[in-house]
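Have a look at the structure below, then the notes.
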Amino acid sequence: MEQRHLGRTGLRVSRIGLGTLTWARDTDERAAAEQLKTFWEAGGSLVDTADIYADGGAERLLGRLLEGLVPRADLVIATKAGSVLEPDRRVDGSRRHLLAALDASLRRLGTDHVDLWQLHAFDPHTPLEETLQALDTAVTSGRARYAGLADFSGWQLAKAATWQLAEPTVRTRLASAQLEYSLLQRGVEREVLPAAQDLRLGLLPASPLGRGVLTGKYRRTTPADSRGASERLAGFVAPYLDKRCDGIVDAVTTAADGLAVTPLHVALAWVRDRPGVVAPLVGARTSAQLAAALSVEALTLPDEITRALDDVSAPAHHYPDHHWSTL
């Protein structure tokens, strides 16, 4: 698998990453082991998780698999901290919480460092400089090699990245931004992606297959074994089952038929090769599904198909972002 640099850093990662959102909850240890081995054998290196996934279960499961299945040195492990499941708050960006969360993540993963540590969300109730100081401490202490952000808006990302750049010998330069990005969700193109490109942050698209909808499996009905049929995840899929999304899925399917590939390949190749993108993060239910996604490595979409998909999925850009958000 081709390797790409993560933003303006020397860190190289596979241009498809493995997501672990469902591990230890919908994906058991055997299935996770098969996925990780399939990913590694295909040349994949970037594995993304978070302390909140399955209440820490995803990290614990990944840690067990690192004990003998795949060499730790062959993987770029990324995790996140900051999201909390408390009745009165959803984000805690305090230095106290973040550094304690990192130490807990390292224990669950069974490693002395993570390669990429990401803030999972912006905390409006904590001074941003305090939150970012936790990233500096993590990197200078050796517990994290690089730092990034997840689910920050354009102005939040720009403010954080610029603050870090103001003292380059003291503060850790941000490497990446992780947000949802697909043919069904191009909102990052309004401000986040232009900011990331200007600041040379690598974009890690989450849900690059439109929460599974871009595979085409929901075109006629909702499969019984799909996320859309799951009581816990049905609400996650539902926003992409409207008429607008149906039209985009139809266009993806038409393109796939013409190229003799699957809709999954078309949708994944499109987002993988967007300006500023480093590595879409793919979550799969089985190793066979993951292998199908990884086989996109050989596909590059023809320019005319890319333009057609751009047109059919184009987001509405209005004042004041309509001038600078065109890629």
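Charge tally for SER153 (other residues, Cβ to Cβ under 14 Å; Lys, Arg +1; Asp, Glu -1): -4.
Only protein heavy atoms count here; on that basis, with a 1.4 Å probe, THR286 has an accessible area of about 50 Å².
Return the label of the correct value of Rg and Dmax of the Cα atoms in Å, as calculated from the structure shown, out of (1) 19.0, 56; (2) 20.4, 57; (3) 22.3, 70. Of the labelled values, this structure produces (1).
Of the residues ALA196, SER182, ALA147, the one whose Cα sits farthest toward the positive end of the charge dipole of the stretch 68-199, with +1 on the Cβ of Lys and Arg and -1 on the Cβ of Asp and Glu, is ALA147. Applying 1/(1 + (r/R0)^6) with R0 = 30 Å to the Cβ-Cβ distance of LEU241 and LYS37 gives a FRET efficiency near 0.35.
Label sites at ARG307 and ARG72, each approximated as a point 7 angstrom past Cα along Cα to Cβ, lie 5.1 nm apart. Modelled this way, with points 7 Å down the Cα-to-C-beta line, the labels at LEU85 and ALA104 are 1.1 nm from one another. Kindly state, to the nearest 0.05, the FRET efficiency for SER295 paired with SER141, given R0 = 41 Å and r defined as their beta-carbon distance. Efficiency, rounded to the nearest 0.05: 0.55. Here's how it looks for THR172: its modeled amide H is under 5 Å from those of ASP136, which are all 5 or more places away or on a different chain. Residues with beta-carbon under 11 Å from that of ARG72, excluding ARG72: net charge, scoring Lys, Arg +1 and Asp, Glu -1? Residues close to ARG72 contribute a combined charge of -4.
Here's how it looks for ALA147: its modeled amide H is under 5 Å from those of TRP117, ALA175, which are all 5 or more places away or on a different chain.
When the chain is treated as a Gaussian network with alpha carbon springs shorter than 10 Å, the biggest mean-square fluctuation among HIS125, HIS265, HIS97 belongs to HIS125.
The values are calculated or read from the model by the stated rules, or taken from the named source; none is laboratory data. Computed from a prediction, not measured in an experiment: that's the story for all the values here. Neighbour counts run over all protein chains shown; Cβ positions are idealised from the backbone, glycine included. Heavy atoms of the whole protein, side chains included, go into the accessibility calculation; ligands, DNA and RNA do not. Shrake-Rupley method; radii C 1.70, N 1.55, O 1.52, S 1.80 Å.
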